[in-house]
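Presented below is the structure to which this report refers.
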Amino acid sequence: MSLWVDKYRPRQLSELHYHSELSDRLRSLASSGDFPHMLVYGPSGAGKKTRIMCTLRELYGPGVEKLKIDQRVFVTPSKRKLDVNVVQSNFHIELTPSDVGIYDRVVIQDILKEIAQTQQVDLNAKQKFKVVIINEADALSRDAQAALRRTMEKYSTNIRLIMCANSTSKIISPIRSRCLLVRVAAPEEDEMLKVLKHVAKKERLTLPDESALSIMQEANGNMRKALLIFEALRMQSPDLSSSIDIAKADWETYCSKIADQVVQEQSPQNLMKVRTGLYELLSHCIPPTMILKTITGALLLKVDQSLQPSIIHWAAHYELRMAQGNKKIYHLEAYFAKLMSVLKNFNYMGLDDDDIDF
Amino acid sequence: MYEDVPTPAVKSTPKKSEASPQKKKPVEKDTEKPAAKKRGPSKDERAAEIASLFKCAAARRKKEGVEELDKPPGLPNCLAGLTFVFTGELNSMSREESTEVVKRLGGKVTTSVSGNTTYVVAGEGAGPSKLKKIEELGIRQVSEAEFYDLIRYRPSGGKLTEKQKEAQEKAEKQMKEEAKRMEKEEQATEKAQARKAVVAGREGIAAKRGPALSSQLWTTKYAPKTLKEICGNKGLVEKLGTWLEAWPANYKANWKKPGKDGSGSFAAVLISGPPGIGKTTSAHLVAKLKGYSPIELNASDARSKKLIQNATNVDNASLDGWFAGGGLTKDSAAGLEINSRSCLIMDEVDGMSGGDRGGVGAMNILIKKTRIPIILICNDASTPKMKPLNGTTWPMKFRRPSNTEMRARLMTIAFKEGLKLEASALDTLIESSQSDLRQVLNMLSTWRLSKQAMSFEDGKSLGKESQKYTIMTPFNIVPALIGPYAFSKTSRQTLNDKLDLYFQDFSFVPLFIQENYLKNAPARIPKGDDPESQMKRLECFSKAADAISDGDLIDRMIHGQEQHWSLLPAHGFSSTIRPAYWIYGGSSAAGYNPVSFPAFLGQNSKRQKLARLLGDIQIKMRLKVSGSRDEVRQDYMPLLASKIVLPLTRKDEAADAPESIIPYLDEYYLNKEDWDAFVELGVGEMKGETISSRIPAATKAAFTRAYNKVDHPVAFHRGELLFAGKKGTAPRPDFDEAFDEQEAPAGDEDDADAETPDPNADLGKDKLIKMPKPKRASKATPAASKAPVKRKKKD
């Protein structure tokens, strides 16, 4: 049994529910015979991968949907063995080099080059080139991106790259200039509603508008999340009434608990408890930025309005530090220490923009 | 970046202390009169010395505008017989300095208040529990100024009570007697040697005389000759003796009679303890006293496996030759004779390494076969290298002898050698050498070569010179950095000293600081729970946390691609010293608060492990799911948990749960291990342990059984695993049997099916996938469930 989100995933460009202009463009690109390198970017759950797969199907036909996974082991210059999972069909290959962290350059150099140097062997293939999809391209290190540059040009007869990223800001401009940038924006509310209704119809359900609205509010433009929440809601209350509160994810509940803790009491002891909570989230693979964002979001609802600007300021400050530093917990902890200090200050002295210095 | 860390005031000029005793009222006026107001000729020198001792604090205090107190030098031994306890922070002296002053003047300092305490010197922020106890015990509490007056007006030698005097005299008498006895013994040995030489000379043999006693090292000269003379560890030495005595009997009993203390089942003992406390000496002495002739092998002898087996020759049959040959054909080990009354002493066993490879293992073999007692000696029995000896030897842990034990013996020796030794000087020596008797003795004998007396200062400087270099662990570095007086006005540590502490272990100290800084109550904020100090305290912590965060950014530059190792001092300041500066102080919680080990390390490896598990789950799901790792964790897992985990926790659904869960698992190619990982990845209400405790054991077992009963699709095989399986030695007979039925030649129909949107229909038609079906033979279960399902996935 499959989850609805996977069951009703569109497989052809014509099945897509929104961004129809984009679909048209992709279709004409695929049929032109001069398919460019692409950099597909947009927020999580907007439909990037779905569109990429649809485009590939347009390029090669249904054969691309026959996926298999390969695990490749290769050795880094420092003799460390690394496993890289490669998802591939006969016509394309999909890599996630950021899985191996700082060794992503080696993956790009080794695997990508190896693929690029061989030609398409299947004579029946519609296209002469193979497609390489690079997932999480914005997580690639600078070295890896530099390694990509030349490969893209040199072997363009054999391969086309489709890179998938959340934002283009972390991708170096030489790469950006070699790609066709394709932005997949998050769906608008009416577009999401269309998809939800479509799924409801297929499942022979009626989705009340209020429930749909609360689902979309919760999903915040993330189509994947919306469909998952929809199915969860269906499990919670089979009649899909909107009266029931949508259950939050385990980690979201945990984050708002930490936010409560921060607001409740500001003391070193409590900060230590917050630290334990942060460790719990971090060790269970919740990305630190997500933690900071979610807790801050929950906090903002609980504090005095006049404090909100300064909280957002500090959140941004420490988020940047997290990106620059190694040990995320240090910056998260510094953020919460700062927040507690700000809150305590506010409770005692009222609003005071200056930092009190000794 | 660091401008608000103060530079310690060390360059200020010393303020010379000019005592003006007349102006101050003596604290003990009612009972004592100021005895000596005059100063001897050497007083000026002394005063300068003391003044220099105080100068650092004075400079600080001057800066802070605290009224300067005169610091009197005091007369020698004027605090004799008094016991002090310091509590709180004094204005002019750090804790170490005040302790030193008292010790120099012959007094005693203890850390806790007891009935023996004479005075409690209370400074700023004295501990309430101490003050309470003082009241209970009726002990006199004095201020800092009164403490100085006490020093100023007490006569030389102090005023001892009758009892104390008596005790002192008695000790002195005992010491003199002992020294006399030693003298006599020495003469006797010398005479005996001379006599021997004469006899030998008559027989025409060249006299083999040992070196004259006067030219021997003190450590040899005063090595204990009777059990009574051994310092400390008396009980263990006695036990060693009884063990040696019982050895032949135990040998005959084939080590079957453990005896009262269990020593009867061991053919060897393992003595461990720090250096210089008499392990080797005790072993030799006891062996000799029990009639054994000790054979010593130490680190200077090669002790490889082969050599131990051959050279010691202890269990060799040729030992019989010795009995038969009446001593003519001698067996030897390291050039020594072996007979049934030999005793092998293996010194410095933990030094067996490198070239002595396999030494410890060979020792064990030797111990099993030995016919003579073996005494092994090492410094640390807990090292992994010593592990093989754990079960085969009787452990004996020698402790450092107590100060009193050592003092008595050393004073006697000093007296005999004509060295005038102050008790306080000896104490500092013992302390600085960490109760290493041998080292103290060597230091004294060197000193005696040029001088006849040793004062407290002499002892202190000598002790400092020959101080052993010890590597500090983070567990004692952290208290030194964030302890109550680390940055206080009387602290003597410069920033460089603190940086040295960081460099003791620069990768671990920052982690420890980060783990422990929140437990402090910053000393810079007054105690109290009013909102203002709470607020200020939080600001301190926030600043400390910011500094740690800065430190991490620097760490990134050091350990990142740039490798700017020259930034290490900056990292030290930012990650360690600056946070410590903000939050130094006592512990915020009452009671004993040990330094905790950084949780970061454990949490980080946990994160890595879970990330790996999540990666495994994600890549398997990848065939059906487009999301990345994070998206799977954040969006899929909550819903999927309610489909595949939660049904097991509900009583009413538990019975049907496996049937509803397994299709989902199969759809996403997840196996039982992935399910476990899935459960482990939850947080909060979905936390692994919480969920596991909510699933009844019976339900879980039923689920596992149901899962194992049928075969499941596999997304892919790990290259290595497959390889390892092929390498496996034992052929699995059930393997083929379990497969023959379903195995059909790979057809093209699976290609055609791939496009069918409904995966269930797909599964049904695909002959390569085994549909859930009950097992026939139970014996086939393990093989079949383990065996990879040969599913050629769409290629």
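Quick notes
- Listed conditions (1) more than 19 Å from B:Glu431 (Cβ to Cβ); (2) at pLDDT below 60 are all met by B:Leu53, apart from (1).
- Test: A:Ile246 is crowded, with 20+ Cβ neighbours inside 10 Å and free of Cβ contacts under 8 Å to residues at least 60 places away in the same chain: no
- Segments classed as helices (runs of 4 or more DSSP H), wholly inside segment B:560-631, with at least 1 members that are more than 9 Å from chain A (Cβ to nearest Cβ), buried (at least 17 other Cβ atoms within 10 Å of the Cβ) and over 29 Å from the mean Cα position of the chain (by Cα): B:599-621
- Count - residues of segment A:286-297 that are within 14 Å of chain B (Cβ to nearest Cβ) and open to solvent by less than 20 Å² (accessible area, probe 1.4 Å): 4
- Within segment A:121-136, considering residues that are touching a helix residue (DSSP H, G or I) at 6+ places or on another chain (Cβ under 8 Å) and more than 17 Å from A:Tyr155 (Cα to Cα), the one most open to solvent (accessible area, probe 1.4 Å): A:Lys126
- Residue among B:Met557, B:Met535 that alone is at the interface with chain A (Cβ under 10 Å from one of its Cβ atoms) and touching a His at 6+ places or on another chain (Cβ under 7 Å): B:Met557
- Any hit, segment A:75-86, residues being over 30 Å from A:Glu191 (Cα atoms), touching a Leu at 6+ places or on another chain (Cβ under 7 Å) and facing chain B (nearest Cβ under 8 Å): no
- Output for segment A:94-141, where each listed residue is part of a loop (DSSP other than H, G, I, E, B), of a type in the set (A, V, I, L, M) and under 29 Å from A:Pro62 (Cβ atoms): A:Val121, A:Leu123, A:Ala125
- Here segment A:1-17 is the region considered, the condition is being away from every other protein chain (no Cβ under 11 Å) and touching a His at 6+ places or on another chain (Cβ under 8 Å), and the residue that is nearest to B:Ile662 (Cα to Cα) is A:Pro10.
- Selection from segment B:675-687 of residues that are modelled with pLDDT under 90 and either more than 30 Å from A:Ala259 (Cα to Cα) or surrounded by fewer than 18 Cβ atoms within 10 Å (Cβ to Cβ) (or both): B:Glu685
- Residue count for segment A:58-97 under the criterion of being basic (Lys, Arg) and open to solvent by less than 50 Å² (accessible area, probe 1.4 Å): the result is 1.
- Out of A:Ser23, A:Ser44, one residue alone is surrounded by 18 or more Cβ atoms within 10 Å (Cβ to Cβ), more than 14 Å from chain B (Cβ to nearest Cβ), in contact with a helix residue (DSSP H, G or I) (Cβ under 9 Å, 6 or more places away or on another chain) and of a type in the set (Gly, Ala, Ser). It is A:Ser23.
Condition check ((1) open to solvent by 40 Å² or more (accessible area, probe 1.4 Å); (2) within 30 Å of A:Met272 (Cα to Cα)) across all residues:
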residue	(1), (2)
B:Arg448	yes, no
B:Ser455	no, no
B:Leu462	no, no
B:Asn476	yes, yes
B:Pro479	yes, yes
B:Tyr502	no, yes
B:Asn516	no, yes
B:Ala521	no, yes
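- Against the conditions (1) more than 11 Å from chain B (Cβ to nearest Cβ); (2) crowded, with 18+ Cβ neighbours inside 10 Å; (3) hydrophobic (A, V, I, L, M, F, W, C); (4) part of a helix (DSSP H, G or I), A:Val263 satisfies every one except (2).
- A:Ile291 being within 27 Å of the chain's Cα centre (by Cα), under 24 Å from B:Gly682 (Cα atoms) and not in a helix (DSSP H, G or I): no
- Which numbered condition A:Thr118 fails, given (1) surrounded by 20 or more Cβ atoms within 10 Å (Cβ to Cβ); (2) over 21 Å from the mean Cα position of the chain (by Cα): (1)
- Scanning segment B:431-442 for residues that are surrounded by 18 or more Cβ atoms within 10 Å (Cβ to Cβ) and more than 20 Å from B:Thr280 (Cα to Cα) yields one hit, B:Ser432.
- Test: residue in segment A:308-329 that is facing chain B (nearest Cβ under 8 Å), assigned to a helix (DSSP H, G or I) and open to solvent by 10 Å² or more (accessible area, probe 1.4 Å): yes
- Within segment B:395-411, the set of residues being touching a residue at least 40 places away in the same chain (Cβ under 8 Å) and open to solvent by 10 Å² or more (accessible area, probe 1.4 Å) comprises B:Pro395, B:Lys397, B:Arg399, B:Arg400, B:Ser402, B:Glu405, B:Ala408, B:Arg409, B:Met411.
- Scanning segment B:678-707 for residues that are within 11 Å of chain A (Cβ to nearest Cβ) and either farther than 18 Å from A:His284 by Cβ or touching a residue at least 12 places away in the same chain (Cβ under 8 Å) (or both) turns up B:Glu680, B:Leu681, B:Gly682, B:Met686, B:Ile691.
- When the criteria are applied in full, A:Pro208 meets the requirement of being more than 14 Å from chain B (Cβ to nearest Cβ) and under 30 Å from B:Leu640 (Cβ atoms).
- Only one of the numbered conditions (1) open to solvent by less than 50 Å² (accessible area, probe 1.4 Å); (2) under 25 Å from B:Ala611 (Cα atoms) is not met by A:Thr276, and that is (1).
- Tally of residues being part of a helix (DSSP H, G or I), surrounded by fewer than 19 Cβ atoms within 10 Å (Cβ to Cβ) and basic (Lys, Arg) across segment A:202-232: 1
- Test: B:Asp530 is open to solvent by 10 Å² or more (accessible area, probe 1.4 Å) and more than 12 Å from chain A (Cβ to nearest Cβ): no
- Scanning segment A:237-256 for residues that are in a helix (DSSP H, G or I) and more than 7 Å from chain B (Cβ to nearest Cβ) yields A:Glu252, A:Cys255, A:Ser256.
- Flag if B:Glu659 is over 29 Å from A:Ser256 (Cβ atoms) and within 7 Å of chain A (Cβ to nearest Cβ): no
The values are calculated or read from the model by the stated rules, or taken from the named source; none is laboratory data. Model, not experiment: these values are computed from the prediction. All Cβ positions, even for glycine, are placed from backbone atoms using ideal geometry, and neighbour counts span all protein chains on display. Note: accessible area is taken over every heavy atom of the protein model, side chains too, but ligands, DNA and RNA are not part of it. Shrake-Rupley method; radii C 1.70, N 1.55, O 1.52, S 1.80 Å.
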